[in-house]
Structures are given as C-alpha cells and as structure tokens.
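No lab work stands behind these numbers, since they all come straight from the coordinates. Please read these numbers as outputs of a predicted model, since none were measured by experiment. Quick reminder, even Gly has a Cβ in these numbers, built from the backbone with ideal geometry, and neighbours come from all protein chains shown.
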Amino acid sequence: MKKVVLMLLLVSGTAYINETKAQINVNIGLQPAWGPVGYDYVEYYYLPDVGAYYYVPRRQFIYLNNGNWIYANSLPYRYRTYNLYSGYKVVINEPRPYLRYSKHKVQYAKYKGYNGRQAVIKNGKGPKQVHYSGKKGAPVKSNSKGKGRNKHL
C-alpha cells in the first residue's frame, strides 16, 4: 500500500513539474488592437510621437507631466488628436523603461512622425516589419506577417 501511495505522489509531482515547465508568458489577449503585430508577449510600448509609454498588463499610459511620471487610462488632453493606430510603436520588454526615457527619446527619434506603415493587431497581417527585441533596442528585420515571436526577456 505504501508503494502505491508513494508511486502516486511521484507521478503527480512529475506531472506538476512538467506542466510548470511548459508555461510560456503570452499576453496576446491583453495587447491593444492598435499594437503592432508579431509579438506574443509585450510589456511596454514606447510611443515616440508623444514621448509616452503604454504598460500592457495594466492597460495604462505613462507620460511625463511637470517632471513626474503619470499613470493614466488615456493620454493627456494635449494628445487628443494623436492616432494610436497610425503612430509608430516600439516594443520594450524591460522593467520600468520610462526610467531610461532620455535614452529612448534619442534612440527612437527617427520614428517620430514616421510615415511608413506598421501593421497593427486590429488589421491582422501586414507587410515587412521591423521588430525590436526590447533588450538592446536593436531592430531585427523580419518577413513575418504577424507570426513572429518575442518572448519576455
């Protein structure tokens, strides 16, 4: 009897460990419809046009106001005409990227007023895109049409 109970505990413990290893961070359902395609995990978007961030898990914008970082459900009134669907978004998967705002502002300045197309989730598939690893911010050209993977770094 002891052997049977021990064997059951061993089998169930092994199944639990295997199940835990198989988990992958995926937040596709949380990403906004205006987010770029090609990512199965996104923590933050940086919006070069407005110098703000969007924190996907909490669905909040983070922007500077009088020297303080503000968390809000929408962008401030001064950006009321900004179109989230057409503005360029940079995926950044690192904790509190707004603390490196001055670096991001310079690094992604070329995307401010970007006139090219960036496929968004709402529209599904898109043309060639430039994806960002988030770790070093280095662009990686890709031919994927919404099928790329960018795991949590």
Quick calc, residue 71 & residue 109: beta-carbon distance into FRET formula, R0 22 Å, rounding 0.05, result 0.35
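Going by how many other beta carbons lie within 10 Å of each one, how would you line up 94, 43, fewest first?
94, 43
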Proxy exposure order for 106, 50 (fewest C-beta within 10 Å first) is 106, 50
Scoring only Lys, Arg, Asp and Glu (+1, +1, -1, -1) among other residues with Cβ under 12 Å from the Cβ of residue 71 yields +3
If the chain between residue 80 and residue 117 were fully extended at 0.36 nm per residue, the gain over the current Cα-Cα distance would be 11.2 nm
